[in-house]
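Following: one structure in structure tokens, then a few remarks.
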Amino acid sequence: MYTISEIAADTFRINTFIPEANLGFSQFLIRDEEPVLIHTGMRVLFPTVREAVSELIDPATLRWAGFSHFEADECGSLNEWHEIAPHATGVCSMVGKLVSVDDFAPKNPAKGMTDGEEFSTGSHTFRFLQTPHVPHNWEAGLLYDTKTGVLFSSDILHQNGDLPPLTSENVIDRVRGSMLEMQASPLANYLPFTPNTEATLNRIAALRPSTVASMHGSVYSGDGEKAILEYADVLKEVFGCP
């Protein structure tokens, strides 16, 4: 069963908790003249996400489907959305478009974005940040809503568990615990730490987002700059070279 929570103006978190994985999967629907869905979810979740979206908008009117990188929970049901929303267009990095997305979903070629590029959906404007290997994958990027100050952070601030939709409490202990839990599982080393990781996270933190909307776990509302810098420290602690 899904939950829907408004986390900012016209911005809704749709979350499905999977007990077997001890993990919640969130999509974010921005209701505007041209509605946006951030993360499509896996194909198996498509009926659930479609039902949730239908409580907020007519799913056929979806115009944009944004995601960070090429992975099932990010864009697995993109083709299913293309079937029911004929004008829906994927939004990803130019690298993602060229190397994976347009081959995976050829019906509606994706909008490939370059670093700092923006697009408007009516009252909201989204800025694209090119972030290779942050959170992971070569083609990774993030979207930032300049109107609401929401950073759609993908796996940044990942937290395991069935958690409240929105919190203003510091989440970094949960983030650290989740990283260590993942390290003890078959999904170990899912977050890379490269020579460019700290600089990339510093650049993201400099946006000073008021809300950091992670796909997994609670959305954090507060000092986004501090939260992301603390995340960088924990990432280095867990995944960096000794």
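Report D for the range 79-176 in µm² per second (integer): Stokes-Einstein, Kirkwood Rh on Cα pairs, 10 °C, 1.306 mPa s.
In µm²/s, the coefficient is 104.
For Lys111, list the lysines whose Cα falls under 22 Å from its own Cα; do not include residues on the same chain fewer than 8 positions away.
Qualifying lysines at Cα under 22 Å: Lys97, Lys147.
Test of understanding: ordering Met1, Met94, Met179, Met215 by Cβ neighbours within 10 Å, fewest first, what list do you get?
Final ranking by Cβ density, sparse to dense: Met1, Met94, Met179, Met215.
Defining a contact as two alpha carbons under 8 Å apart and six or more residues distant in sequence, what relative contact order in percent does the chain show?
It rounds to 16 percent for the chain.
Cut-off is 10 Å between beta-carbons; in what order do Ser153, Ser178 appear when sorted fewest neighbours first?
Listed from fewest to most nearby Cβ atoms, that is Ser178, Ser153.
So what's the convex hull volume per residue for the Cα atoms of the chain, in Å³?
Convex hull volume per residue, Cα atoms: 110 Å³.
Hey, got the Cα dimensions of the range 13-88 along the principal axes, in Å, largest first?
Dimensions of the range 13-88 along the principal axes of its Cα atoms: 36, 24, 19 Å.
I need Phe128, Phe152, Phe46 ordered by Cβ neighbour count within 10 Å, fewest first.
The order, fewest Cβ neighbours first, is Phe46, Phe128, Phe152.
Which aspartates and glutamates have a Cα less than 15 Å from the Cα of Lys107, not counting those fewer than 8 places away in the same chain?
Glu80, Glu83
Bear in mind that the values in this text are calculations on the coordinates, not laboratory data. Remember, predicted model here, so these are calculated numbers, not experimental data. When we count neighbours, we look across all protein chains shown, and the Cβ atoms used for this are built from the backbone with ideal geometry, even at glycine.
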